[in-house]
Amino acid sequence: MQLRIGTLGKAHGLKGEVSVIVRTDNPEERLAVGEVLATEPQERGPLTVVTSRRAQGRWYVRFAGIDGRTAAENLRGTELVVDIDSSDEEDAWYIHELTGLEVRNLDGDVVGTVVDLEHFPAQDALVLKEVGGERVYLPFITKFVPVVDIAGGFITIDPPGGLLSTDSARLVVVQDSEGSVDHAEQDDAEERDENS
């Protein structure tokens with residue numbers, strides 16, 4: 001199985017250095033001098049790390065044979081990949097382990113599929129494809145994703161209200177006598193009607 005560890009960005013300077021959008025928790029090891037990295041597309045690699053450094057929160061790498069800005073710019077968009085087995089850490093998963101998992105809500109209803117994992121500064125976010133085809137970003141934190149069952153082939157989510165497109169069917173607009181608008185969940189509105 002291949003794991004994406006980074007995506008090559010813009011050329012940096014004139015000597016062939018490129019920025020790397022890191023997709024690994026261990027860039028010091030993965031981008032160490034001497035590492036030979038496979039690429040996607042394959043014809044752009046393999047690439048051997050000559051120098052790597054971190055500056056102002058970003059990673060910059062120079063590869064053997066990439067000696068100028070033009071050559072570095074031609075690598076833009078290239079994915080760096082490594083061969084790996086499944087993760088052996090508890091509560092840690094690789095993208096390939098999560099992709100394709102069925103997404104269920106707390107009631108057990110299927111609401112979609114995991115299609116990707118994006119890395120953001122605050123936290124990672126699962127990219128979900130809902131049953132209707134809509135794409136949703138869900139922060140990958142225990143509060144919103146309480147169950148990840150790789151062996152069972154599913155995750156259970158408890159997203160904030162209104163995140164999923166299916167939530168819109170449960171939202172109603174209530175207008176009071178003064179004309180102000182309030183959004184409430186359908187269940188709350190029905191409960192008010194029953195109590196009236």
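A short reminder: the numbers here are calculations on the coordinates, not readings from a lab. Note that the coordinates shown come from a computational prediction; the quantities given were computed from them, not determined experimentally. Cβ placement follows ideal geometry from the backbone for every residue including glycine, while neighbour counts extend to all protein chains displayed.
List pairs: first in segment 54-76 and touching a residue at least 24 places away in the same chain (Cβ under 8 Å) and under 15 Å from Val33 (Cα atoms), second loosely packed, with under 13 Cβ neighbours inside 10 Å and of a type in the set (Gly, Ala, Ser), Cβ under 9 Å, 6+ apart or cross-chain?
Tyr60/Gly13
Is there any pair linking a residue in segment 96-110 that is under 13 Å from Gly152 (Cα atoms) to one that is of a type in the set (A, V, I, L, M) and in a loop (DSSP other than H, G, I, E, B), with Cβ under 7 Å and at least six apart or on different chains, and which?
Glu97/Ile150; Val103/Ile157
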